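**Q** Below is a structure I'd like to ask you about.
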Amino acid sequence: MFNASMPTSPGSMVNQCKFEEDEESDSKDIFITVDNPESHVTAIETFITYRVLTKTTRSEFDNSEYEVRRRYQDFLWLKGKLEDAHSTLIVHPLPEKFVVKGMVERFNGDFIETRRKALHKFLNRVADHPILSCSEDFKVFLSAQAWELTTYKKQGPGFLSRMGETVRAVANSVRGVKNRPEEFTAIQEYVEDFSNKIGSLDKVTQRIVKEQKEYLEELKEYGPTYTLWSGSEEELAEQLKGVAGCIERCCKETEEQVGHLSDTLVPVLHEYVLCAETLKAVLRRRDNIQAEFEAKNEALATKKVDRDAESSDLGFVWGSLLGKNPEEARHQRQERLDGEIEELKEEIDKLEDRVEWANNALKGDWGRWQRSMRGDLKSAFLSTAEKNVDYYEKYFIFIHTQITVSL
Amino acid sequence: MLSVSCLSALLLHTVCCLYIRFIFWLEILFIVAAPFSPSQIPLYTKCITRLKVILIFYILQGRTLILKDLKSHESLYLVCITQLERRMADAGNKESAPIGGDEFTNTELENNKNNTMVEEGSTLLRRMEISVAEAEKRTGKNTVNMQEIFTVYLIETRPIDAITEGHNPAPDSLWRRYSEFEILRNYLLVTYPFIVVPPLPEKRAEFVWHKLSADNMDPDFVERRRVGLENFLLRVASHSVLSNDKILYHFLTEEHRWKEVVHETGFQAKADSRIKALSATFRVKNPDKRFTEMKLYSDELQSLTSQLLRVRARVADRLYGVYKVHGNYGRVFSEWSALEKEMGDGLQSAGHHMDAYAASVDDMLEEEEHYADQLKEYLFYAEALRAVCRKHELTQYELETASSDLISKKQQREELATGMVRTFSFKGMTNKLFGQETPEQREAKLSLLEEQIVQGEETVTEKTVECEEYVKGAWVDMQRFKEQKDRDLREALIGYAVMQISMCKKGIQVWTNAKDCFHKM
């Protein structure tokens with residue numbers, strides 16, 4: 001992981017990056033770091049900005065290096081834009097806006113560090129994605145200065161059109177999709193179960209951290225009791241101090257282990273809890289697209305029925321009252337309906353393409369996501385297990401030497 | 001929203017401030033009274049300094065409102081202070097002549113040791129194999145004629161010679177319950193007050209953490225008690241003095257007659273007066289310094305071991321929590337492995353290892369209970385040691401009282417004989433007011449005094465001998481106890497470290513296996 005305190009010379013960064021992403025192909029051509037959080041105070045508010053450093057050899061970028069400062073809101077904007085443009089691609093989740101549980105201040109050091117790491121991961125995941133990394137919004141995010149970004153943000157679909165889209169989406173989700181392909185149903189079931197499991201794992205891990213911390217508290221009182229006793233004894237003083245030393249060592253190791261757990265496993269599990277939510281949203285959006293397509297198809301079918309049917313509708317009656325020729329009226333109506341049907345057919349073709357594209361995008365990204373999920377979780381658990389082995393080994397060696405020396 | 005401990009700390013603060021003022025007045029009083037009783041002053045000033053330090057600690061504690069067990073802290077501060085004083089004393093004065101111990105040279109100590117070891121050759125344990133083999137539940141009627149359930153323990157004995165000769169006779173056995181062991185111990189305490197009598201396992205489960213039950217009927221508790229009772233019998237039967245006791249022999253061999261026999265000794269009356277005497281307050285002028293030291297040490301040992309046991313129980317509780325939560329990993333991994341195709345096998349087996357990890361803590365902590373029992377034994381031993389020191393103080397006090405009585409009687413005789421009143425006395429007053437008595441009256445009084453003086457001199461001689469013998473015997477046993485304690489506790493501490501090592505080994509094994517499973521994911 002990139003460390004904010006490390007020197008950011010291009011050479012060292014390249015080497016670090018290659019080392020970390022060795023499972024990716026050698027053709028990695030963009031390197032991003034998020035570091036150096038700073039507090040900004042204005043008249044209205046206080047917020048934190050992070051430095052985003054980009055090094056790239058891609059042709060779409062004018063320069064090979066960019067350094068900009070971004071705040072959390074900017075990241076939210078970027079994510080929103082990516083999801084809008086590619087609604088069925090899986091975008092890595094952002095850290096949460098705020099932590100509901102516990103009294104975590106926004107400006108607490110640990111919170112900022114956790115957020116920084118998560119933002120770093122987010123950008124790197126986007127950069128690794130073959131489609132998302134080509135997004136214009138992404139490019140602007142990485143390269144534009146603060147005022148340029150603000151101007152750029154103002155372009156794009158206005159507030160009302162976004163409202164309209166949201167309303168449509170809600171309407172579609174209410175309607176529901178009728179013929180969901182089997183594979184997507186399977187994916188949905190998997191996502192449901194996965195979400196449960198990963199949520200449980202997250203809770204279990206946090207519980208372990210809590211229990212370890214409480215254990216550490218008691219240990220800190222335990223060792224000194226032996227030391228105090230050694231002051232009252234003559235023959236036993238050595239042995240008692242020896243045991244006290246062992247317990248102190250145990251404290252030290254436990255503290256390290258808890259730190260490692262909090263730094264390595266907890267954030268990863270938390271990320272994937274958020275991922276599960278993202279996946280559910282992606283599946284919903286895909287369903288909505290299909291629902292829209294199905295809705296239009298039904299509309300077409302209704303229109304066709306309308307056109308072919310013998311109608312005694314109100315318009316005909318009215319027309320005849322006004323003295324129009326019934327035949328002519330019927331013709332007019334049929335022509336109108338034909339026009340509408342043609343329009344609908346065009347829309348349906350577009351929607352059909354859209355559905356197909358969405359499905360393919362999701363299918364492709366699904367495989368990709370599963371691979372990276374496996375990789376992430378495997379390495380996190382592996383690292384935890386290694387740390388635990390290390391913990392016991394170090395403590396074992398210490399006690400062994402203590403036994404031979406003083407006990 | 002003041003918690004109970006905050007309130008009590010505040011209260012303590014107030015009380016301590018008032019107390020401090022009282023202490024200052026006491027100090028002034030002692031300074032004034034110093035010329036009249038010079039030997040008491042060092043003791044008093046020592047006490048007062050100690051008290052002041054504790055109170056200052058408390059006032060500071062009150063200000064910072066610490067939510068810990070105040071009682072345990074008090075005894076620990078006392079321990080700190082005693083240790084400090086000892087170090088200062090060691091650094092300060094090199095010469096400290098123990099009173100009443102001058103006759104002990106190193107060679108005599110050696111001889112005593114040899115005597116003890118020779119006598120050990122003939123202790124009961126050498127002649128007889130003793131064990132507490134089983135425990136069973138019984139029902140019966142208790143003293144108030146109500147049904148109760150209690151546990152009895154099977155004591156088995158076999159003569160050693162029969163075994164070494166190659167036969168394998170069936171052991172003699174009888175059943176005893178815990179209360180009978182208590183009677184035996186009380187008898188021993190009263191009959192051999194100069195011996196540090198081995199303690200019984202605890203009457204009620206203390207220092208429990210949530211997994212241990214505080215129920216006396218719990219099978220684990222009964223098992224640990226069985227071991228403790230066997231340990232008690234073995235210690236008593238291997239003691240050079242205690243093992244020769246007839247009552248002990250009866251305890252081990254006569255199931256039914258034993259209670260009558262022990263009550264016939266009349267120990268019960270002595271036991272009651274012993275308890276009263278031990279808790280009485282009295283001022284000893286010249287106790288043997290070594291015994292005072294030992295008494296202080298016994299207090300320290302008590303505080304330290306009880307604090308240690310308390311914290312150990314909490315640590316065990318927390319460790320248990322950590323291990324058991326890992327069991328949840330096992331469950332979730334197993335469920336998750338059903339979802340995954342590629343990671344499934346790795347997850348499944350990792351889950352099994354997590355279950356094994358969670359289960360391993362049960363055995364570990366059971367072993368640790370054994371360590372806790374070893375510490376508990378010495379917690380109770382500390383009490384016995386203290387009792388021996390107190391008994392010495394009592395004997396010494398009785399001697400001093402008898403001596404001062406004798407002195408005052410002799411003074412009275414002198415006054416009567418010479419007619420001079422030396423110190424202010426009621427007699428002198430009445431003489432002045434009402435005139436002196438007739439010669440006959442004086443004669444009668446004189447002869448009475450003479451008798452009393454003769455008696456008094458006998459008493460003083462008796463008491464002196466009693467005191468000296470007590471000091472001799474007690475010192476030998478306290479040395480024996482000290483060596484035993486150092487040996488046993490050293491073994492216990494090493495055992496504890498070994499337990500930690502085995503915990504590490506198991507941890508390494510489990511997590512290495514888990515690591516391999518994660519690799520396969």
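**Q** Wholly within the stretch B:167-261, which helices (runs of 4 or more DSSP H) include no fewer than the required count, namely at least 1 residues that are at pLDDT below 90?
**A** B:219-237, B:246-253
**Q** Could you tell me which of the residues B:G330, B:G321 is more than 41 Å from the chain's Cα centre (by Cα) and either closer than 22 Å to A:T254 by Cβ or more than 7 Å from chain A (Cβ to nearest Cβ) (or both)?
**A** Step by step, each of B:G330, B:G321 is checked, and only B:G330 is more than 41 Å from the chain's Cα centre (by Cα) and either closer than 22 Å to A:T254 by Cβ or more than 7 Å from chain A (Cβ to nearest Cβ) (or both).
**Q** State whether the residues of the stretch A:188-201 include one that is surrounded by fewer than 18 Cβ atoms within 10 Å (Cβ to Cβ), at the interface with another protein chain (Cβ under 7 Å from one of its Cβ atoms), among the aromatic types (F, W, Y) and within 19 Å of B:F333 (Cα to Cα).
**A** Within the stretch A:188-201, one or more residues are surrounded by fewer than 18 Cβ atoms within 10 Å (Cβ to Cβ), at the interface with another protein chain (Cβ under 7 Å from one of its Cβ atoms), among the aromatic types (F, W, Y) and within 19 Å of B:F333 (Cα to Cα).
**Q** If you take the residues in the stretch B:494-521 that are more than 8 Å from chain A (Cβ to nearest Cβ) and small (G, A, S), which one is surrounded by the most Cβ atoms within 10 Å (Cβ to Cβ)?
**A** B:G495
**Q** Here's something else I'd like to know. Looking at (1) surrounded by fewer than 20 Cβ atoms within 10 Å (Cβ to Cβ); (2) within 14 Å of chain B (Cβ to nearest Cβ), which one does A:I208 not meet, given that it meets all the others?
**A** Status for A:I208: all satisfied but (1).
**Q** Can you say whether B:L304 is of a type in the set (A, V, I, L, M, F, W, C), under 20 Å from A:Y215 (Cα atoms) and surrounded by 19 or more Cβ atoms within 10 Å (Cβ to Cβ), as far as the supplied structure shows?
**A** no
**Q** Pairs needed: first member in the stretch B:301-312, closer than 16 Å to A:E218 by Cα; second member anywhere, in a helix (DSSP H, G or I) and of a type in the set (V, I, T); C-beta distance under 7 Å; at least 6 residues apart or different chains.
**A** Here the result reads B:Q307/A:T225; B:L308/A:T225; B:V311/A:T225, each pair linking the stretch B:301-312 to a residue that is in a helix (DSSP H, G or I) and of a type in the set (V, I, T).
**Q** Then there is this: For the stretch B:338-348, enumerate the residues that are part of a helix (DSSP H, G or I) and surrounded by fewer than 20 Cβ atoms within 10 Å (Cβ to Cβ).
**A** Listed by number, the residues that qualify are B:G344, B:D345, B:Q348.
**Q** Can you tell me which condition B:L296 does not meet? The list is (1) in contact with a Phe, Trp or Tyr (Cβ under 9 Å, 6 or more places away or on another chain); (2) more than 30 Å from B:E129 (Cβ to Cβ); (3) surrounded by 18 or more Cβ atoms within 10 Å (Cβ to Cβ); (4) among the aliphatic types (A, V, I, L, M), and all the others hold.
**A** (1)
**Q** Given the conditions (1) modelled with pLDDT under 90; (2) surrounded by 12 or more Cβ atoms within 10 Å (Cβ to Cβ); (3) among the aromatic types (F, W, Y), report the number of the one that A:F396 does not fulfil.
**A** (1)
**Q** State whether one or more residues within the stretch A:238-256 are of a type in the set (V, I, T), farther than 30 Å from A:E96 by Cα and surrounded by fewer than 17 Cβ atoms within 10 Å (Cβ to Cβ).
**A** No - not one qualifying residue is present in the stretch A:238-256.
**Q** I would also like to ask the following. Can you confirm whether A:L362 is in contact (Cβ under 8 Å) with a residue 40 or more places away in the chain, under 21 Å from the mean Cα position of the chain (by Cα) and facing chain B (nearest Cβ under 9 Å)?
**A** When the stated conditions are applied, A:L362 does not pass them.
**Q** Okay, moving on. State whether the residues of the stretch B:349-357 include one that is within 8 Å of chain A (Cβ to nearest Cβ), free of Cβ contacts under 8 Å to residues at least 60 places away in the same chain and surrounded by fewer than 19 Cβ atoms within 10 Å (Cβ to Cβ).
**A** Taking every residue of the stretch B:349-357 in turn, none turns out to be within 8 Å of chain A (Cβ to nearest Cβ), free of Cβ contacts under 8 Å to residues at least 60 places away in the same chain and surrounded by fewer than 19 Cβ atoms within 10 Å (Cβ to Cβ).
**Q** Would the stretch A:278-297 turn up any residue that is within 13 Å of chain B (Cβ to nearest Cβ) and either under 30 Å from B:Q479 (Cα atoms) or at pLDDT 90 or above (or both)?
**A** Checked against the condition, which is being within 13 Å of chain B (Cβ to nearest Cβ) and either under 30 Å from B:Q479 (Cα atoms) or at pLDDT 90 or above (or both), the stretch A:278-297 yields no hits at all.
**Q** In addition: With the structure loaded, tell me whether A:L300 is free of Cβ contacts under 8 Å to residues at least 40 places away in the same chain and under 46 Å from the mean Cα position of the chain (by Cα) or whether it fails that test.
**A** For A:L300, the condition - free of Cβ contacts under 8 Å to residues at least 40 places away in the same chain and under 46 Å from the mean Cα position of the chain (by Cα) - is not met.
**Q** Condition test on B:E458, is it more than 10 Å from every other protein chain (Cβ to nearest Cβ), of a type in the set (D, E, K, R), without any contact (Cβ under 8 Å) to a residue 40 or more places away in the chain and farther than 30 Å from B:V197 by Cα?
**A** Answer is yes for this residue.
The values are calculated or read from the model by the stated rules, or taken from the named source; none is laboratory data. Keep in mind that what you see is a predicted model, and the values were worked out from it rather than measured. Note that we place each Cβ from the backbone using ideal geometry, even for glycine, and neighbour counts take in every protein chain shown.
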